[in-house]
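Participant: What follows is a single structure, and I will ask about it in a moment.
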Ligand code: PEP
């Protein structure tokens, strides 16, 4: 079954709503210039929570070939969780994708596989698609344990999800040593782990689920590296940080085909 590629731009904690408007408009013009076809690739922008409403209005109004994502979500439904945002709140803003378990959340906010799995479940139940992030740090890579480490995160975050749920989600393999460092994993390195993730999904569930789940690579992806990454058989897209803040660069990544 052909999987639709998905390129998602994680803005992290950057851009206020005025700057967000400028970036999204410039992105839309650039994509139009490049005759980007939104049916060929799911192109997602993932602003901070405070920009979601602004970006949603722009995407709606101009029929831009962009979809909306969020960077995080609460594992709780509602109530006394000051500062948290629920999955239903995001769904109401026409958010389609939610990143869960980004390595910065794991490292700075202590998120465990269990919490990340609970968040993914809430996202699915609210009708959206989680982008579940996994990936090893430099020490693990140097020890040669990157595959087993990443697969343990896959098992931990997918626990309790059904085959049908897993078939529809996105897993982002993001080696931590490649995030924001300018150091891109080689296409072979990325394929090694992404292929192992797909095999793991096949053994946890079945072949059909493994064929359906989309797997992204993330870590210093740029316009100059995307084509080789996308040529790998088990890589269906990219999660892009820094380069997604530059309209021309992100448009060139999205228009990789
Ligand atoms: C990320 O934040 O998920 C990421 C991959 O960042 P960068 O592209 O800047 O390495």
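Participant: Sort out which residues of region 78-118 are within 16 Å of the ligand (Cβ to nearest atom) and either part of a helix (DSSP H, G or I) or more than 22 Å from residue 196 (Cα to Cα) (or both), and write them in order of number.
Facilitator: Start the filter on region 78-118 by keeping residues that are within 16 Å of the ligand (Cβ to nearest atom), which leaves 97-109, 111, 116.
Residues satisfying the conditions are 97, 98, 103, 104, 105, 106, 107, 108, 109, 111, 116.
Participant: Can you confirm whether region 235-248 contains a residue that is touching a residue at least 40 places away in the same chain (Cβ under 8 Å), in a loop (DSSP other than H, G, I, E, B) and more than 14 Å from the ligand (Cβ to nearest atom)?
Facilitator: Yes.
Participant: Next question, about the same structure. Does any residue of region 128-135 turn out to be away from the ligand (no atom under 16 Å from the Cβ) and buried (at least 18 other Cβ atoms within 10 Å of the Cβ)? First the steps, then the outcome.
Facilitator: Taking region 128-135 as the starting set, the residues that turn out to be away from the ligand (no atom under 16 Å from the Cβ) are 128-129.
Cutting the leftovers down to buried (at least 18 other Cβ atoms within 10 Å of the Cβ) gives us 128-129.
Checked region 128-135: at least one residue is away from the ligand (no atom under 16 Å from the Cβ) and buried (at least 18 other Cβ atoms within 10 Å of the Cβ).
Participant: Now for a different question. Of everything in region 198-224 that's within 16 Å of the ligand (Cβ to nearest atom) and part of a loop (DSSP other than H, G, I, E, B), which residue is nearest to residue 117 (Cα to Cα)? If you could, list the steps in order and put the result at the bottom.
Facilitator: Restricting attention to region 198-224, the residues satisfying the condition of being within 16 Å of the ligand (Cβ to nearest atom) are 214-224.
Of the ones still in play, those that are also part of a loop (DSSP other than H, G, I, E, B) are 219-222.
On the way: 219: 22, 220: 25, 221: 26, 222: 29 Å.
Filtering first and then ranking leaves 219.
Participant: Scan 58, 93 and give me the residue that is more than 26 Å from residue 179 (Cα to Cα), at pLDDT 95 or above and surrounded by 14 or more Cβ atoms within 10 Å (Cβ to Cβ).
Facilitator: On the way: 58 fails: at pLDDT 95 or above.
Of the residues listed, the single one that is more than 26 Å from residue 179 (Cα to Cα), at pLDDT 95 or above and surrounded by 14 or more Cβ atoms within 10 Å (Cβ to Cβ) is 93.
Participant: Mind checking which residues of region 161-197 are assigned to a loop (DSSP other than H, G, I, E, B), away from the ligand (no atom under 13 Å from the Cβ) and within 18 Å of residue 5 (Cβ to Cβ)?
Facilitator: From region 161-197, those assigned to a loop (DSSP other than H, G, I, E, B) are 161-162, 168-169, 174-175, 179-186; that's our starting set.
Those still in the list that are away from the ligand (no atom under 13 Å from the Cβ) too: 161-162, 168-169, 186.
168, 169 - these are the residues of region 161-197 that are assigned to a loop (DSSP other than H, G, I, E, B), away from the ligand (no atom under 13 Å from the Cβ) and within 18 Å of residue 5 (Cβ to Cβ).
Participant: Does residue 202 meet the test of being in contact with a helix residue (DSSP H, G or I) (Cβ under 9 Å, 6 or more places away or on another chain) and free of Cβ contacts under 8 Å to residues at least 40 places away in the same chain? Step through it out loud before you land on a result.
Facilitator: Values: in contact with a helix residue (DSSP H, G or I) (Cβ under 9 Å, 6 or more places away or on another chain): yes; free of Cβ contacts under 8 Å to residues at least 40 places away in the same chain: yes.
Taking the combined requirement at face value, the residue satisfies it.
Participant: Same structure again: Looking at (1) away from the ligand (no atom under 16 Å from the Cβ); (2) surrounded by 19 or more Cβ atoms within 10 Å (Cβ to Cβ); (3) not in a loop (DSSP other than H, G, I, E, B), can you tell me which one residue 229 breaks?
Facilitator: With (1) away from the ligand (no atom under 16 Å from the Cβ); (2) surrounded by 19 or more Cβ atoms within 10 Å (Cβ to Cβ); (3) not in a loop (DSSP other than H, G, I, E, B) applied to residue 229, the lone miss is (1).
The values are calculated or read from the model by the stated rules, or taken from the named source; none is laboratory data. Only a predicted model underlies this, so the values are computations on that prediction, with no experimental measurement involved. Glycine also receives a Cβ, built like all others from the backbone with ideal geometry; neighbour counts cover every protein chain displayed.
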